[in-house]
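Beneath this line is the structure, given in C-alpha cells, with notes to follow.
The values are calculated or read from the model by the stated rules, or taken from the named source; none is laboratory data. Predicted model, so just to flag it, every value in this text is computed and none were measured. Cβ placement follows ideal geometry from the backbone for every residue including glycine, while neighbour counts extend to all protein chains displayed. In case anyone asks, the SASA skips ligands and DNA or RNA and just uses the protein heavy atoms, side chains included. Shrake-Rupley method; radii C 1.70, N 1.55, O 1.52, S 1.80 Å.
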Amino acid sequence: MTTDSSRTSPSAPGGISTFKGQERALRADRLGTGGLLLSVLAATAPLMVVAGVMPTTYAVMGIVGQPLLFVLLGVVLILFSVGYAEMSRHVHNAGAFYAYISRGLGATAGAGAALVALVAYNALQVGIYGIFGFEVSGLLATYADVQIAWWIPALVAALAVGLLGWLKIDVNARVLGVLLVIEVLLVVIFDVAALADPGTEGLSLHAFNPDTLTGAGVGTALCFCIAAFLGFEQAPVYAEETSRPHVLVPRVMFLAVGGVAVFFALSSWALTVATGPGAIVGTARKQSAGLLFFLTESRLGGAFTDVLHVLFVTGMFAALLSFHNVVARYAFAMGREGLLPAAFGRTSGSSGAPGTGSLLQTVVAVLVVAAFAIADDRPAGDPTAPVLQLFTWFGNIGALGVIVLMAAASLSVVVFFVRRGAAGAQAWRLVTSALAGIALLVIAGYTVKDFEVLVGAGPDSSLSWVLPGTIGLAALAGVVLGLVMRARAPEKHARIGLGNEAFQLDKAASS
C-alpha cells in the first residue's frame, strides 16, 4: 500500500462524494467551530473528572501535584496535536485514527488500529453506564424515596442515547452544548468559591511545585489524568460533517487541548486550596467521590450541591452521547471500507447520521449492561461490584486503547510525511510528533504495568493482564483481518483509510 499523493483524489465540497448516492457519505456542513468543539469537549465530562477522577487520583496515588500533571500532559498532547492536526489537513475520514495510521503505516496496520478504536471507544462509552446508573439510582432514593436497581436507569439511558444517535449531528451538538456549558459554569463557581474561601494554608501554589511529583505513584497518576483529556482527539472523526475540515479540525483540537489543560489544572488546584495542600490527600481518602460535594456544601450551600449532583448525572449523559457518536462513525467508516459488513457503511436517509453504526453501539451497550445486571446480586444503593467494576474495568481498557492509538498515530505522521518527501518542510512537526509518541508510549507502559492499581485488583489478579490484553487481542484480530483482506480482496485492502476518496476510485474504474 502506498501513502503518497497518488492516493489523494478530489471529492465534493466538505469531503463528501456524490458518487453512488449520499447514503454512503456523512452529511457535510452540519458542524461549525462551536458545534464541533462542544461535541468533542462533552466527552471529557468535566464535572465527572472534577468530582470523580481528581479525588480518586489524590486518594489512591497520594500525589499532591495533580495540577502540575495536567499542565505537563497538556504540553505532551499539544505536541501530539501538532502533527495530528497537520495530518487532518490531508485526510478527511470518519475513521480518524485508523485512517491516519493506514496512510502512514499501511492498510494492515490500519485494520489493526480500526479494531482497537472500535473496542476502546465502545469500552469508554459502556463503562460510564455503571457509574451513571448508580448515581441516578442514588438521586431517586434521596429525593424521590424510590428504590430501583442501577441497571434500570442505565438501560433507559442506553436507549435514549441510541435514539439521539439517529438524529442529525447538529441536533446532538446542541444537546451536548447545553449540558457542557452548565457543567463548566458550576465548576467555575466552585473554583471561585474555593479561592475566595481557602483552607488553613491560604492561596498556596504548592501543588504546582515539581517536588510534589516524586514517589512511585506518579506514573499511575499520569494514567488517571490523561484519561481526563480523552475526547479532544475525536475532532477528526467529524471532519466529513464540517464545511472546512482542514481549518476547523486543527482549530478545535488546539482549543480543546489547551482549554481542558487549563480548566483541569485550575480546578484540581482549587481542590487543594479548599482543603489545604497538606490535607488534600487525607480529605480525598475520607470523602472519596464525595469530595467536591463536601467542599461545596460548606461554601455554596445545600441547594447548589443538590444541583451539582443532578448536573453530575447530566454531564455523564453528555459523555455517553459523545462517545456513542464517535463509535457510530468509526463503525460507519469501517463498513464503508469493508472492515465491517457493508450495512454499517450506510447513513439514515432523513438525518444523514450513521444509523446502523449507532444501532450497533446501542446493542453492545445494552448487552454489556444486561450482563453486569445479571451478575449483580447486591442490594440497590450498594456502591460495589459489579457497578463500579463496569466503570473502572471498561474505562481503563478504553483509555489504554486510545493512548496506544495516539502513540501509533504519532509514528504514522512521521512516516507519512517522510514518504511524501516532505520531511524537510514538516521537520518541526515531525519532531513534535516523535516526542509526543515517546511520551505516550511511556504512559502506555505505566498503564499496563500498574493496571491492577487502576482497576482496584490485587497484584496477583488475572485482571492485570486479561483486561489490558483486550486491546492487544483487538489489535491482533485487526491485523489478521487486514492480512486476510490483502490475500483475498486486495482491492478492498488498498482502500483502507481512503474514505470518500475510494468513491472516486470506483468512479474512475467504472468510466
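Numbers for the structure displayed
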read-out	value
Hits in region 17-76 (condition: under 25 Å from Leu321 (Cα atoms), at pLDDT below 80 and not aliphatic (A, V, I, L, M))	Gln22, Glu23, Arg24, Arg27, Asp29, Arg30, Gly32, Thr33, Gly34, Gly35, Ser39
Members of region 322-346 found to be surrounded by 24 or more Cβ atoms within 10 Å (Cβ to Cβ) and either over 22 Å from Arg103 (Cα atoms) or of a type in the set (A, V, I, L, M) (or both), listed by number	Ser322, Phe323, His324, Asn325, Val326, Val327, Ala328, Ala331, Ala333, Met334, Leu339
Search result, residues across region 392-447 that are open to solvent by 60 Å² or more (accessible area, probe 1.4 Å), in contact with a helix residue (DSSP H, G or I) (Cβ under 6 Å, 6 or more places away or on another chain) and farther than 19 Å from Val116 by Cβ	Leu435
Boolean, Gly258 is open to solvent by 10 Å² or more (accessible area, probe 1.4 Å), touching a residue at least 24 places away in the same chain (Cβ under 8 Å), more than 30 Å from Gly34 (Cβ to Cβ) and out of contact with any Pro (no Cβ under 8 Å at 6 or more places or on another chain)	no
Members of region 485-499 that are under 29 Å from the mean Cα position of the chain (by Cα) and open to solvent by 70 Å² or more (accessible area, probe 1.4 Å)	Lys492
Residue within region 261-276 that is open to solvent by 10 Å² or more (accessible area, probe 1.4 Å) and touching a Ser or Thr at 6+ places or on another chain (Cβ under 8 Å) present	yes
Among the residues listed as Ala239, Ala265, the single one being within 20 Å of Thr44 (Cα to Cα), of a type in the set (Gly, Ala, Ser), assigned to a helix (DSSP H, G or I) and under 18 Å from the mean Cα position of the chain (by Cα)	Ala239
Which numbered condition Ala228 misses (of (1) open to solvent by 10 Å² or more (accessible area, probe 1.4 Å); (2) within 18 Å of the chain's Cα centre (by Cα))	(1)
So Val237, is it touching a helix residue (DSSP H, G or I) at 6+ places or on another chain (Cβ under 8 Å) and surrounded by fewer than 24 Cβ atoms within 10 Å (Cβ to Cβ)	no
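Results for (1) hydrophobic (A, V, I, L, M, F, W, C); (2) at positive phi; (3) in contact (Cβ under 8 Å) with a residue 24 or more places away in the chain, shown as yes or no for each residue.
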{"residue": "Ala194", "(1), (2), (3)": "yes, no, yes"}
{"residue": "Gly199", "(1), (2), (3)": "no, no, yes"}
{"residue": "Thr212", "(1), (2), (3)": "no, no, yes"}
{"residue": "Val218", "(1), (2), (3)": "yes, no, yes"}
{"residue": "Gly231", "(1), (2), (3)": "no, yes, yes"}
{"residue": "Ala235", "(1), (2), (3)": "yes, no, yes"}
{"residue": "Tyr238", "(1), (2), (3)": "no, no, yes"}
